Amino acid sequence: MLTTLAIMLLSGAAAAPVGEAAVALQAEPDPKTMSASQIREHNSKLDRKHPDFIRCVKSANIGTLVARNVSCRTNRQWAIADRVGNDEARDIGDKMASKFWDFERAGP
């Protein structure tokens with residue numbers, strides 16, 4: 001048993017990932033360095049809800065009617081950005097809330 005394991009480790013058979021393990025070990029794509037055709041090719045292999053699916057959003061550039069900003073991120077990166085933005089907005093709201101009103105002492 002031990003010799004079989006040693007032979008597998010020395011031959012590299014145990015280190016070769018297969019199936020879903022190989023997909024899990026792949027690095028997350030970097031949409032900022034990819035062209036539109038590379039993004040389309042990458043997305044053609046994935047479901048729209050997959051964490052590595054790349055979504056691009058166009059937003060108007062302030063001060064011009066024509067120019068647009070394009071932001072491309074993976075679903076995972078969009079989810080993180082949403083969570084961080086919501087947390088920051090909640091923190092600002094909590095810090096800016098009036099501390100004058102004491103809800104525990106206020107009564108009908």
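The values are calculated or read from the model by the stated rules, or taken from the named source; none is laboratory data. Note that the structure is a prediction, hence the values are computed from the model and not measured. Ideal geometry is used to build each Cβ from the backbone, glycine not excepted, and the neighbour counts take in all protein chains shown.
The residues listed here are 55, 73, 48; of these, the one that is loosely packed, with under 11 Cβ neighbours inside 10 Å and at pLDDT 95 or above is 48. Out of the residues in region 12-45 meeting the condition of being under 18 Å from residue 75 (Cα atoms) and part of a loop (DSSP other than H, G, I, E, B), tell me which one is modelled with the lowest pLDDT. Here the residue is 26. Within region 46-97, restricting attention to residues that are in a strand (DSSP E or B) and in contact with a helix residue (DSSP H, G or I) (Cβ under 8 Å, 6 or more places away or on another chain), the residue that is farthest from residue 28 (Cα to Cα) is 56.
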